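*Asks:* The structure that follows is given in the form of structure tokens.
The values are calculated or read from the model by the stated rules, or taken from the named source; none is laboratory data. Source: prediction; values computed, not measured. Quick reminder, even Gly has a Cβ in these numbers, built from the backbone with ideal geometry, and neighbours come from all protein chains shown.
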Amino acid sequence: MSETTENTRLGSDTYQCMNCGAALKYKPDTDFLHCDYCGTNTPIESKKVEEVHELDFEQYAQNFEKLNTQTTKIIGCRKCGAESTFNESIKSAACPYCTTPLIESDTHEERLIRPSYLLPFKIEGRDTHKHLETWLKRLWFAPNKLKKQALQTNQLQGVYIPCWTYDAQTETDYSGQKGVNYTTTVGTGKNRRTVTRTRWYFCDGHVSLFFDDVMVPASGMISRDIMNKINNWDSMNMVEADNRFLSGFITEKYVMNMNNGYDLARQIMNSEIDYAIRRDIGGDHQRITAKNTHFSEVKFKLILLPVYMSSYIYKNKLYHFFLNGRTGRLTGDRPYSPIKIAIAIIIGIVALIAFILLLNSNQ
């Protein structure tokens, strides 16, 4: 990364066209900034990440202010409270979560950990509608008016979503019980039958697991469930965090801090550790009575992931949809049509009655 980029405030830069002086924006799926006014392209000299460098978690937890942090200009939404890094090239942008116009005066500065890497947008904004249209066609019980209204929305925003990733080496000692099934015959006469029972055996052991890039979304507005639904990020195409890739897009400020993110990552790791213990115990059933896990070599980093999002109002209620800016994978909120559901139920009942009548006629 160049010295100029390293010393700027991430998300607050404006890059000007050398030809006409207009603000440049990053053009998805390219390595250049584009001028919408005169068409000039300015190359971005970025290198594909060959080796990912993680940050030491304990070191950051103790010396946060002295390490890889930066003063960042934040703009907040007056209505929903969402906060994003402020970018001069999108002064007239609306809040991607509630469509309220963002006002330049609603800004303040905070000291935040600097993102290490990002995945640039690959899908252009104008191409998102075909993904939305495909998704809407699959919504069998959505009102017809909704589909038309959602496709006409002009509130589409490209947003970089902050996510923590954590690495850790874990060593776990455990004790538990292994259940082995066996069959036996019980009862006499007509009550004689075979039943399955379980013998339990005490066991203990040790499992060793290394976790790599356990991802925890740090967004205050997009849930982990939403991020999981649009996942499959091609992380092998990450680049070092460079303001030029952010130009023309909103970058959400992380709300979940590194410590709370690590707590959630440990929960994810513990679930995997439990699965490994049960597999190590073996048998037909497993019981974990005690375990002691030691976490070491804990590393982390902050990355930015590209998401297109939009909001639309249907019958005075706000709905959202979210689209992976790399793959086009999409999910979102949707209302249901009571009429379509009622018709489907009636058709189902009629089909069931017809099937019963057909069976009776064949007897």
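*Asks:* Restricting to segment 205-258, and then to whatever is part of a loop (DSSP other than H, G, I, E, B) and of a type in the set (Ser, Thr, Tyr), can you tell me which residue is farthest from THR14 (Cα to Cα)? Talk me through it step by step, then tell me what you get.
*Replies:* At the first step, the residues of segment 205-258 found to be part of a loop (DSSP other than H, G, I, E, B) are 218-223, 230-234, 238, 241-242, 247-249, 253-257.
After this cut, where a residue has to be of a type in the set (Ser, Thr, Tyr) as well, the list is 219, 223, 247, 254.
Values: SER219: 24, SER223: 30, SER247: 7, TYR254: 22 Å.
Only one residue tops the list, namely SER223.
*Asks:* Can you tell me which condition TRP164 does not meet? The list is (1) assigned to a strand (DSSP E or B); (2) over 30 Å from GLY125 (Cα atoms), and all the others hold.
*Replies:* Only one criterion is unmet by TRP164, namely (2).
*Asks:* Let me ask something else. Taking the condition surrounded by fewer than 18 Cβ atoms within 10 Å (Cβ to Cβ) and on the phi < 0 side of the Ramachandran plot, does LEU318 pass?
*Replies:* Working: surrounded by fewer than 18 Cβ atoms within 10 Å (Cβ to Cβ): yes; on the phi < 0 side of the Ramachandran plot: yes.
So LEU318 passes the test.
*Asks:* Considering only residues that are of a type in the set (Ser, Thr, Tyr) and in contact (Cβ under 8 Å) with a residue 60 or more places away in the chain, which ones fall in segment 256-280? I'd like the intermediate steps shown before the answer.
*Replies:* Step one: filter segment 256-280 for residues of a type in the set (Ser, Thr, Tyr), giving 262, 271, 275.
Hit for segment 256-280 is TYR262, nothing else.
*Asks:* Test GLN267 against the stated conditions and say whether it is under 30 Å from TRP200 (Cα atoms), in a helix (DSSP H, G or I) and not β-branched (Val, Ile, Thr).
*Replies:* Details: under 30 Å from TRP200 (Cα atoms): yes; in a helix (DSSP H, G or I): yes; not β-branched (Val, Ile, Thr): yes.
Yes: the conditions hold for GLN267.
Residue-wise test of (1) surrounded by fewer than 16 Cβ atoms within 10 Å (Cβ to Cβ); (2) at positive phi; (3) modelled with pLDDT of 90 or more.
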| residue | (1), (2), (3) |
| --- | --- |
| THR128 | no, no, no |
| TRP140 | yes, no, no |
| LYS148 | yes, no, no |
| CYS163 | no, no, yes |
| ASP167 | no, no, yes |
| TYR174 | no, no, yes |
| THR188 | yes, no, no |
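Table: residues versus (1) under 30 Å from LEU33 (Cα atoms); (2) surrounded by 15 or more Cβ atoms within 10 Å (Cβ to Cβ); (3) at pLDDT 95 or above.
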{"site": "ASP204", "(1), (2), (3)": "no, no, yes"}
{"site": "PRO217", "(1), (2), (3)": "yes, yes, no"}
{"site": "ILE222", "(1), (2), (3)": "yes, yes, no"}
{"site": "LEU246", "(1), (2), (3)": "yes, yes, no"}
{"site": "TYR254", "(1), (2), (3)": "yes, yes, no"}
{"site": "ASN260", "(1), (2), (3)": "no, no, no"}
{"site": "ASP274", "(1), (2), (3)": "no, yes, yes"}
{"site": "HIS294", "(1), (2), (3)": "no, no, yes"}
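*Asks:* Out of (1) at pLDDT 65 or above; (2) charged (D, E, K, R); (3) exposed (fewer than 15 other Cβ atoms within 10 Å of the Cβ); (4) not in a loop (DSSP other than H, G, I, E, B), what's the single condition that is false for LYS73?
*Replies:* In the conditions (1) at pLDDT 65 or above; (2) charged (D, E, K, R); (3) exposed (fewer than 15 other Cβ atoms within 10 Å of the Cβ); (4) not in a loop (DSSP other than H, G, I, E, B), LYS73 misses (3) alone.
*Asks:* What residue, among those in segment 94-111 that are of a type in the set (A, V, I, L, M, F, W, C) and surrounded by fewer than 20 Cβ atoms within 10 Å (Cβ to Cβ), is modelled with the lowest pLDDT? Walk me through it before giving the result.
*Replies:* Within segment 94-111, the first condition is being of a type in the set (A, V, I, L, M, F, W, C), and the residues that meet it are 94-95, 98, 102-103.
Checking which are surrounded by fewer than 20 Cβ atoms within 10 Å (Cβ to Cβ) leaves us with 94, 98, 103.
Numbers: ALA94: 69, CYS98: 67, ILE103: 64.
It comes out as ILE103.
*Asks:* Which condition number in (1) surrounded by 12 or more Cβ atoms within 10 Å (Cβ to Cβ); (2) in a strand (DSSP E or B) is the one that TYR182 fails?
*Replies:* Condition (1) is where TYR182 drops out.
*Asks:* Just the residues that are farther than 13 Å from PHE300 by Cβ and not aliphatic (A, V, I, L, M), please, taken from segment 251-277.
*Replies:* Those that are farther than 13 Å from PHE300 by Cβ and not aliphatic (A, V, I, L, M): THR251, GLU252, LYS253, GLN267, ASN270, SER271, GLU272, ASP274, TYR275.
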